[in-house]
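Participant: One structure is given below, represented as structure tokens, and several questions about it will come after.
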Amino acid sequence: MASAAQWLEGARPRTLPNAIAPILVGTGAAASLGAAVWWKALLSLLVSLALIIGVNYANDYSDGIRGTDDERVGPLRLVGSGAASPAAVRAAAVASLAVGAVFGLVLVFTTAWWLLLVGLACLAGAWFYTGGRKPYGYSGFGEIAVFVFFGLIAVLGTEFVQAQRVDWAGLVGAVAVGCFSSAVLVTNNLRDIPTDSMTGKTTLAVRLGDTRTRTLHLALLVVPFAATLLLVARTPWALVGLLAAPLAVRSNTPVRGGQNGPGLIPSLRDTGLAMLVWSILTALALGIAA
């Protein structure tokens, strides 16, 4: 039986910025329109957190039963390490996704019925990333999915449920957060190129190869700061987002320096931290613009 600490590690708490950042930026965009609804922002956050924890447990389960995690650098994998049974981890994934679905239904009933379709797409995306007979994460589409679900949908969805509309500032913020979130996954998949190649997990990093994956990581980190300059059209306060640039530079340093395996773990941490700090600063700036 896995301990509570092992279950917590299996939930991969370092990925939580991917869930928090889009809610912050979406709420900031809604606030800039004078339409922030804080209880809906909180519900959106609970949905996002439940989904990402569910995704992490689902990935642990699916990768574990395929043997992908038998030799892995990084956080504990519950199934791959034998700390928990596949059935227990699958149950944890389903429970987390179900919690997210319940909170999401409240937003559906208080906003618009068609958001139910968006929610179903998110649940399907969470499960079939590494689950099912042909998981799209094994075919190089993981980064695109992260960009869409934890960038475009999460940010614009958060803005919409509060403001009943989306605008260009929300879209710019969604692209920025999506790029940050994709950069986190790129770092993870760069680290895992050797093991993924051996187990048949053809991630985008495996397809691109080591050198081009490192270039992609840098490009994804540049986009949010270009977005900062665009958001100046909404409010000059958006420039405070540039204060997160040193963290982005620090996160890219191990990648640029050719680090591999455990040497990329600091980059994984700092990429998420840069995303979170940028999102906090940008959300505050957009809120001031209201």
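The values are calculated or read from the model by the stated rules, or taken from the named source; none is laboratory data. Because the structure is predicted, anything quoted here is derived from the model rather than measured. Positions of Cβ are backbone-derived with ideal geometry, glycine not excepted, and every protein chain shown enters the neighbour counts. Ligands, DNA and RNA are stripped out before the accessible areas are found, and what is left, the full protein with its side chains, is counted by its heavy atoms. Shrake-Rupley method; radii C 1.70, N 1.55, O 1.52, S 1.80 Å.
Per-residue answers, yes or no, for (1) open to solvent by 20 Å² or more (accessible area, probe 1.4 Å); (2) hydrophobic (A, V, I, L, M, F, W, C); (3) at positive phi; (4) touching a residue at least 40 places away in the same chain (Cβ under 8 Å):
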position: Tyr129; (1), (2), (3), (4): yes, no, no, yes
position: Pro135; (1), (2), (3), (4): no, no, no, yes
position: Phe141; (1), (2), (3), (4): yes, yes, no, yes
position: Gly173; (1), (2), (3), (4): no, no, no, yes
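Participant: Please find, within the range 217-239, the residue that is nearest to Arg250 (Cα to Cα) out of those that are assigned to a helix (DSSP H, G or I) and of a type in the set (Gly, Ala, Ser). Even if it seems obvious, please write down each step before you answer.
Facilitator: Quick first cut of the range 217-239, residues assigned to a helix (DSSP H, G or I) only: 217-231, 236-239.
Cutting the leftovers down to of a type in the set (Gly, Ala, Ser) gives us 219, 226-227, 238.
Numbers: Ala219: 14, Ala226: 18, Ala227: 19, Ala238: 22 Å.
Applying the filter and picking the extreme gives Ala219.
Participant: Given the structure, is Val47 closer than 26 Å to Ser267 by Cβ, open to solvent by less than 40 Å² (accessible area, probe 1.4 Å) and part of a helix (DSSP H, G or I)? Outline the logic, then answer.
Facilitator: Details: closer than 26 Å to Ser267 by Cβ: no; open to solvent by less than 40 Å² (accessible area, probe 1.4 Å): yes; part of a helix (DSSP H, G or I): yes.
Criteria not met by Val47.
Participant: Right, here's the next one. State which residue pairs qualify: first residue of a type in the set (Phe, Trp, Tyr) and inside the range 101-113, second residue surrounded by 14 or more Cβ atoms within 10 Å (Cβ to Cβ) and assigned to a helix (DSSP H, G or I) in any location, beta carbons under 6 Å apart, and separation of 6 or more residues or different chains.
Facilitator: Listed pairs, sorted by first residue: Phe103/Leu43; Phe103/Leu46; Phe103/Val47.
Participant: Name the one entry in Gly104, Gly80, Gly100 that is assigned to a helix (DSSP H, G or I), of a type in the set (Gly, Ala, Ser) and under 13 Å from Gln6 (Cβ atoms).
Facilitator: Numbers: Gly104 fails: under 13 Å from Gln6 (Cβ atoms); Gly100 fails: under 13 Å from Gln6 (Cβ atoms).
Result of the check over Gly104, Gly80, Gly100: Gly80.
Participant: Let me ask something else. Residues Val89, Val118: which one is open to solvent by 30 Å² or more (accessible area, probe 1.4 Å) and among the β-branched types (Val, Ile, Thr)?
Facilitator: Working: Val89 fails: open to solvent by 30 Å² or more (accessible area, probe 1.4 Å).
On inspection, the qualifying residue turns out to be Val118.
Participant: Being within 20 Å of the chain's Cα centre (by Cα), open to solvent by 20 Å² or more (accessible area, probe 1.4 Å), modelled with pLDDT of 95 or more and under 30 Å from Arg133 (Cα atoms) is the requirement here; does Leu247 meet it?
Facilitator: Values: within 20 Å of the chain's Cα centre (by Cα): yes; open to solvent by 20 Å² or more (accessible area, probe 1.4 Å): yes; modelled with pLDDT of 95 or more: yes; under 30 Å from Arg133 (Cα atoms): no.
When the stated conditions are applied, Leu247 does not pass them.
Participant: What number of residues in the range 197-209 are touching a residue at least 12 places away in the same chain (Cβ under 8 Å), assigned to a helix (DSSP H, G or I) and either in contact with a Pro (Cβ under 6 Å, 6 or more places away or on another chain) or surrounded by fewer than 19 Cβ atoms within 10 Å (Cβ to Cβ) (or both)?
Facilitator: Of the residues in the range 197-209, 3 are touching a residue at least 12 places away in the same chain (Cβ under 8 Å), assigned to a helix (DSSP H, G or I) and either in contact with a Pro (Cβ under 6 Å, 6 or more places away or on another chain) or surrounded by fewer than 19 Cβ atoms within 10 Å (Cβ to Cβ) (or both).
Participant: If you don't mind, there's one more thing I want to ask. Going through the range 250-262 one residue at a time, which ones are assigned to a helix (DSSP H, G or I) and either open to solvent by 30 Å² or more (accessible area, probe 1.4 Å) or modelled with pLDDT of 95 or more (or both)?
Facilitator: Across the range 250-262, the qualifying residues are Arg250, Ser251, Asn252, Thr253, Pro254, Val255, Arg256, Pro262.
Participant: Here is a check on your reading of the model: is Asp60 charged (D, E, K, R), at pLDDT below 95 and open to solvent by less than 30 Å² (accessible area, probe 1.4 Å)?
Facilitator: Numbers: charged (D, E, K, R): yes; at pLDDT below 95: yes; open to solvent by less than 30 Å² (accessible area, probe 1.4 Å): yes.
So Asp60 passes the test.
Participant: Another question, then. Evaluate the following for Ile265: is it at pLDDT below 95 and out of contact with any Ser or Thr (no Cβ under 6 Å at 6 or more places or on another chain)?
Facilitator: Answer is yes for this residue.
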